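What follows is a set of notes on a single structure, which appears directly below.
The values are calculated or read from the model by the stated rules, or taken from the named source; none is laboratory data. Owing to the predicted nature of the structure, the values given are computational and were not obtained by experimental measurement. For neighbour counting, all protein chains shown are included, and Cβ atoms are generated from backbone atoms with ideal geometry for every residue, glycine included. With ligands, DNA and RNA removed, areas are computed over all heavy atoms of the protein, side chains included. Shrake-Rupley method; radii C 1.70, N 1.55, O 1.52, S 1.80 Å.
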Amino acid sequence: MHGPVPAAWLLVALCAATGGYCLLRMRSGVEEQRRSAGGEALMGFGMAVMAVPAAAFTPPRWAWPAYAAVFGAAALRALWAARTTPHHLHHLVGTFAMVYMAAAMAVAPPAAHHAHGGLGVPVLTGALLVYFTGYVLLAGSRLVPGVVAAAGPGSGLASGPARWGDRPELARACRLSMGIGMVAMLLTM
């Protein structure tokens with residue numbers, strides 16, 4: 001990742017923590033939530049690895065095509081899942097962005113990983129930035145608390161405390177964190 005080293009380490013920590021929480025969400029009692037959390041955990045840990053500053057660790061040249069292959073397979077899985085659940089379209093865009101960034105790192109000469117060129121923002125990078133910026137704004141607005149219905153008989157809400165893996169507001173915060181991380185990574189390309 002280009003940019004200040006402390007910011008890169010903060011992004012690594014944010015993405016790793018998000019991936020860890022997504023692993024916890026995989027223990028949910030709801031099958032669709034478990035499936036979604038698995039893909040999000042892969043994305044969080046993958047973003048954490050990709051955000052490690054080049055000053056700390058420079059992966060070998062073969063790692064980027066392998067990285068693109070892993071996220072290409074995840075994109076195919078998200079495409080298959082998107083047939084029934086539209087939320088997986090966002091996973092598809094996210095995995096595609098990871099493939100795009102890994103491919104960009106694979107074809108860039110080693111010196112380009114440490115210095116910016118004067119070419120400006122490629123069209124695809126700009127489109128992904130627009131998408132993820134919009135996603136972050138929308139996801140952030142959904143975290144604003146609304147009127148909370150009281151749980152009680154006949155309300156249709158569970159009366160016990162929700163398990164950590166079943167808390168929708170934490171899942172939204174997790175997705176928001178990954179969206180912010182994706183914007184940061186795309187800005188530094």
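As a summary of the residue check, Val49 satisfies the conditions (1) modelled with pLDDT under 90; (2) open to solvent by 80 Å² or more (accessible area, probe 1.4 Å) except for the one numbered (1). Across the range 12-39, the number of residues qualifying as touching a Ser or Thr at 6+ places or on another chain (Cβ under 9 Å), under 21 Å from Phe96 (Cα atoms) and at pLDDT 90 or above comes to 3.
For first residues located in the range 15-27 and within 10 Å of Cys174 (Cα to Cα), partners that are surrounded by fewer than 15 Cβ atoms within 10 Å (Cβ to Cβ) and modelled with pLDDT of 90 or more and lie 6+ apart or on another chain with Cβ distances below 6 Å do not occur.
Within the range 126-145, being under 20 Å from His88 (Cβ atoms) and out of contact with any helix residue (DSSP H, G or I) (no Cβ under 8 Å at 6 or more places or on another chain) holds for Ala127, Gly134, Leu138.
Looking for whichever is closer than 22 Å to Arg35 by Cα, surrounded by 18 or more Cβ atoms within 10 Å (Cβ to Cβ), at pLDDT 80 or above and out of contact with any Gly (no Cβ under 7 Å at 6 or more places or on another chain) here; the options are Gly72, Gly94. Which one fits? Step through it out loud before you land on a result.
Values: Gly72 fails: surrounded by 18 or more Cβ atoms within 10 Å (Cβ to Cβ).
After ruling out the rest, the residue left standing is Gly94.
Any residue that is exposed (fewer than 12 other Cβ atoms within 10 Å of the Cβ) and at pLDDT below 95 - is there at least one of those in the range 98-107? Within the range 98-107, one or more residues are exposed (fewer than 12 other Cβ atoms within 10 Å of the Cβ) and at pLDDT below 95.
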